[in-house]
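Student: Take this structure, written in structure tokens, and hold onto it; I'll ask about it next.
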Amino acid sequence: MWGYAFASSNVHDQLAQQQIIFPAKGSPELADPRIGPYLDQYAGQQVLDGPQAQAYADHLIAVDLSNMPFGGVYSKLSAASRADPGNARLQSLAQTSFEGTTLRGLLLEAYGFWTFGEIALWAGVAAFSLAGVLGVLVGVGYWRSWRARPESEVLPVAGESLPVP
């Protein structure tokens, strides 16, 4: 449970500092069929949790990057800009790709930690549930031991001998 609380609060706090906002309802970005169906539910909200971070990274940044030359792949844009150092447009595109790829990676990292927190939550729920079941079974065992007649016991009381068949 502590792992869940730590992961979710840390992810929330870190994302809140970035002040990333989803596009507003009716914005041109949400009209794109590769973006809108995934982000409509978050329109105008701030990115504050793992699922929001994943949606923003995978359905806004990734689509924006894919619309760039070379599919927005930083290594390809960077190689092209190094091959033509005088081309300001390529330099700018390489920088934009680097920033977009970095932000996307950081948001997906936040999603990963959020997911670890969710796993910790369910593991905690399962552990406490099993502890409750085992507690009930121990209670039933004590109750049965108080109700059992001495002749029905499997093991003899200390000092008694076992019957020989």
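Listed here are the residues, each with its yes/no results for (1) crowded, with 16+ Cβ neighbours inside 10 Å; (2) assigned to a helix (DSSP H, G or I).
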{"position": "ALA24", "(1), (2)": "no, no"}
{"position": "PRO37", "(1), (2)": "no, yes"}
{"position": "GLN52", "(1), (2)": "yes, yes"}
{"position": "ALA55", "(1), (2)": "yes, yes"}
{"position": "ALA62", "(1), (2)": "yes, yes"}
{"position": "LEU65", "(1), (2)": "yes, yes"}
{"position": "ALA79", "(1), (2)": "no, yes"}
{"position": "PRO85", "(1), (2)": "no, no"}
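Student: So, one more: Could you list, in sequence order, the residues of region 94-151 that are more than 30 Å from ASP49 (Cβ to Cβ) and surrounded by 13 or more Cβ atoms within 10 Å (Cβ to Cβ)?
Tutor: Of everything in region 94-151, just one residue is more than 30 Å from ASP49 (Cβ to Cβ) and surrounded by 13 or more Cβ atoms within 10 Å (Cβ to Cβ), namely ALA94.
Student: Another one. Taking only pairs six or more apart or across chains, which ones have beta-carbon atoms under 6 Å, a first residue in region 89-118 that is touching a residue at least 24 places away in the same chain (Cβ under 8 Å) and under 30 Å from MET1 (Cα atoms), and a second residue that is among the hydroxyl-bearing types (Ser, Thr, Tyr) and not in a helix (DSSP H, G or I)?
Tutor: Listed by first residue and then by second, the contacts come to nothing, as the list is empty.
Student: Something else about it: I'd like to check something: does region 126-143 contain any residue that is in contact (Cβ under 8 Å) with a residue 60 or more places away in the chain, assigned to a helix (DSSP H, G or I) and within 20 Å of the chain's Cα centre (by Cα)?
Tutor: no
Student: Just one of the numbered conditions (1) within 19 Å of SER97 (Cα to Cα); (2) in contact with a helix residue (DSSP H, G or I) (Cβ under 6 Å, 6 or more places away or on another chain) is not true of VAL63; which one?
Tutor: That leaves (2) as the condition not met.
Student: While we're on this one: Any residue at all in region 29-39 that is in contact with a Gly (Cβ under 9 Å, 6 or more places away or on another chain), under 18 Å from THR101 (Cβ atoms) and aliphatic (A, V, I, L, M)?
Tutor: no
Student: Tell me which residues, restricted to region 57-101, are aliphatic (A, V, I, L, M) and farther than 29 Å from VAL47 by Cα.
Tutor: ALA79, ALA80, ALA83, ALA88, LEU90
Each value in this text was obtained by applying a stated rule to the coordinates, not by laboratory testing. The shown structure was predicted, so the numbers you read here are calculated from the model rather than taken from an experiment. Cβ sites come from the backbone with ideal geometry, for glycine too, and all protein chains shown count toward neighbours.
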